[in-house]
Amino acid sequence: MSDVLDAYPQLLRGTWTTVQLTVYGAALALVPALVFGLAGTSRHTAVRALNRVYVEFFRGTATLVLMYWLFYALPLVGFRFTPVAAAVLSLGLNVGAYGAEVVRGAVNAVPRAQYEAAVALNFTPWQRMLRVTLPQAVALMLPPFGNLLIELMKGTALVSLITIGDLTFNAQRIRAATGETAATFLVILVVYFAIAQMLQLAVRYAERRVDRMLGRRPDRRAAAAASGAGAVKA
Amino acid sequence: MPPIDPPVDPPVDPPADPPADLAPSASVPEESPEGRRLPAPGPARPADGAPGIRFEKVVKRFGRNVVLRELDFTVAPGERVTLIGPSGSGKTTILRLLMTLERVDGGVIWVGDRPLSHMPRGGRLVPAGERHLHEMRKQIGMVFQQFNLFPNMNVLRNLTEAPVRVLGLSRDEAVERARRLLDMVGLADKIDAHPSQLSGGQQQRVAIARALAMEPKVLLLDEVTSALDPELVVGVQDLLRDIARDSDLTMLCVTHEMNFARDISDRVLMFDRGRIVEEGPPERIFEAPAEQRTRDFLHAVLAS
Ligand SMILES: Nc1ncnc2c1ncn2[C@@H]1O[C@H](COP(=O)(O)OP(=O)(O)OP(=O)(O)O)[C@@H](O)[C@H]1O
Ligand SMILES: [Mg+2]
């Protein structure tokens, strides 16, 4: 066990790579999630079809196979990706497909009356989406986004298969060097778990902020004012 | 962006006599020397600027359910009209058509001297596009039964967001206007509150202020007190009475509160199955209805 922990610089480097891949992958996933998710709420059949094609293709493709394609197959026809670019792209596109479904569902779940009030105030279609519908939809997106973020983080372990020195990759090398199989895997189990908890905390924080914006969770002042009138509605 | 499918009906030809004004037939205005028509006075108060409304053979169906069948009616500039009638008779549909939340399936709706549901193109009227609707909606405001305040904004931003983004007011002007309106509806102290912290009656008063912040010329009110607890109804009704008294808005109001209807309206239209059964001044409709359908309806409402 102490041999494994002595390799902590290598573990730290790997952890840092895993965190970076998670952040880049999530940032990249957000773009198709929003673009294709919103496309899925369009009234134009052709635009909605874009959503279907993207979602079905990338949801139905194994991330690892996509990664192999980007890293090993596309260079044969002249497209060359660095390992990190291939990893981030395949993780982001895959998680983005799930994210697009989350966005579409959340936007459709905002009550139609809100859209109608926005029409009555003569907002343009873009303003209706940006100022009224989307901010309310975000509250519905955050919990499933939290799940996807953790899925994405765990999915980064696949990048060790295209030679990126992430936590799993470095763990393999420590295991080979020390022969301590159980100890090595126990350590990275704990590290992955800790990262997941950290992400979960961040998502919870964002949820609380959005809930407050929507007046769902009264801040202290409002709670004090409402406590006089009895129970506070959740 | 939720769908509003354009109607598939062929374009409607413009009416032979475009309604440059929409005065009731009783007061047909003469041509002025410049050859333009004089603005027609509303029945009770002169309304400068508030447009009239005219439904011309308006058809609305939902699937196979024909809700409005070639409906014709006119509201004079500045007139206050109350729509009454049994559930499902099409009252809400009429207001939603005017707010462009629904599309007509036939006929034309006119607001002032311009078509609302259609736009002129090459001498013909074609179904209105978003640009035309945006232009026409500037004149129209609506208050909903369920208030529909934006939960992602506090009271102040509910009132300033559209004036700033849509009318192009500066933030200071919009805040100033919001303060004045909140003062009028008696909620100056709630300016920073969140909609969820307000009672139903307070939310509805904010919603009324929000609609007025856009300075509409036509105000549509759809059962604005029927979602309120009984003790909150009076406050909202008093506010609307004041607005009716102090403004020259053209108002269309759907309500089951007959005393309120009597106070604010010049004319009452009794609907049944998408048709006007009877119309007249509130005193006559409520005290001496001519039609059996109206008598039955009023009886049922008063009994409840
Ligand atoms: N979105 C819709 N889809 C299908 N049918 C609709 C829709 N909106 C209204 N209808 C139908 O149109 C008819 C008229 O409805 P409307 O809401 O205008 O009635 P109303 O006079 O306002 O009734 P109430 O007094 O109950 O509010 C009803 O038969 C209703 O079922
Ligand atoms: Mg109704």
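Among the residues of segment A:187-210, write down those that are in contact (Cβ under 8 Å) with a residue 60 or more places away in the chain and farther than 18 Å from A:T17 by Cα.
Of everything in segment A:187-210, those that are in contact (Cβ under 8 Å) with a residue 60 or more places away in the chain and farther than 18 Å from A:T17 by Cα turn out to be A:V203, A:A206, A:E207, A:V210.
With the requirement that a residue be within 14 Å of chain A (Cβ to nearest Cβ) and within 16 Å of ligand 2 (Cβ to nearest atom), what does segment B:67-100 give you? Can you show your working first?
Looking only at segment B:67-100, we keep the residues that are within 14 Å of chain A (Cβ to nearest Cβ), and these are B:92-93, B:95-100.
Those that are within 14 Å of chain A (Cβ to nearest Cβ) and within 16 Å of ligand 2 (Cβ to nearest atom): B:T92, B:T93, B:L95, B:R96, B:L97, B:L98, B:M99.
With within 14 Å of chain B (Cβ to nearest Cβ), over 30 Å from B:H134 (Cβ atoms) and under 21 Å from the mean Cα position of the chain (by Cα) as the only criterion, which of A:L152, A:L189, A:L142, A:L167 stands out?
On the way: A:L152 fails: within 14 Å of chain B (Cβ to nearest Cβ); A:L189 fails: within 14 Å of chain B (Cβ to nearest Cβ); A:L167 fails: within 14 Å of chain B (Cβ to nearest Cβ).
After ruling out the rest, the residue left standing is A:L142.
If you scan segment B:198-228, which residues turn out to be within 16 Å of ligand 1 (Cβ to nearest atom) and assigned to a loop (DSSP other than H, G, I, E, B)?
Within segment B:198-228, B:E223, B:V224, B:T225, B:S226, B:A227, B:L228 meet the criteria.
Here is a list of conditions, (1) surrounded by fewer than 22 Cβ atoms within 10 Å (Cβ to Cβ); (2) more than 16 Å from A:A157 (Cβ to Cβ); (3) of a type outside the set (A, V, I, L, M); (4) touching a Ser or Thr at 6+ places or on another chain (Cβ under 9 Å), and A:N51 meets all of them except one; can you say which number that is?
It fails just one condition, (1).
Name the single residue, out of those in segment B:244-268 being free of Cβ contacts under 8 Å to residues at least 40 places away in the same chain and of a type outside the set (A, V, I, L, M, F, W, C), that is nearest to ligand 2 (Cβ to nearest atom).
Across segment B:244-268, the extreme among qualifying residues is B:E257.
Which of the following residues is touching a residue at least 60 places away in the same chain (Cβ under 8 Å), at the interface with chain B (Cβ under 7 Å from one of its Cβ atoms) and of a type outside the set (A, V, I, L, M): A:Q136, A:Q127?
Of A:Q136, A:Q127, the one residue that is touching a residue at least 60 places away in the same chain (Cβ under 8 Å), at the interface with chain B (Cβ under 7 Å from one of its Cβ atoms) and of a type outside the set (A, V, I, L, M) is A:Q136.
Scan segment B:132-166 for residues that are over 18 Å from the mean Cα position of the chain (by Cα), of a type outside the set (A, V, I, L, M) and at the interface with another protein chain (Cβ under 10 Å from one of its Cβ atoms) and jot them down.
B:F150, B:P151, B:N152, B:N154, B:R157, B:N158, B:E161, B:P163, B:R165 - these are the residues of segment B:132-166 that are over 18 Å from the mean Cα position of the chain (by Cα), of a type outside the set (A, V, I, L, M) and at the interface with another protein chain (Cβ under 10 Å from one of its Cβ atoms).
Only residues that are in contact with a strand residue (DSSP E or B) (Cβ under 9 Å, 6 or more places away or on another chain) and surrounded by fewer than 14 Cβ atoms within 10 Å (Cβ to Cβ): list them for segment B:121-134, please.
Residues satisfying the conditions are B:R124, B:G129, B:R131.
Pairs please, first residue from segment A:75-99 and touching a residue at least 12 places away in the same chain (Cβ under 8 Å), second anywhere and assigned to a helix (DSSP H, G or I) and among the charged types (D, E, K, R), Cβ atoms under 9 Å, 6+ apart in sequence or on different chains.
From residues that are touching a residue at least 12 places away in the same chain (Cβ under 8 Å), the pairs are A:N94/A:R59; A:V95/A:E151; A:A97/A:E56; A:A97/A:R59; A:Y98/A:R59; A:Y98/A:E151.
Any read-out appearing in this document is the output of simple, stated calculations on the displayed coordinates, not a laboratory observation. Small disclaimer: the values here were computed from a predicted structure and weren't measured. Glycine also receives a Cβ, built like all others from the backbone with ideal geometry; neighbour counts cover every protein chain displayed.
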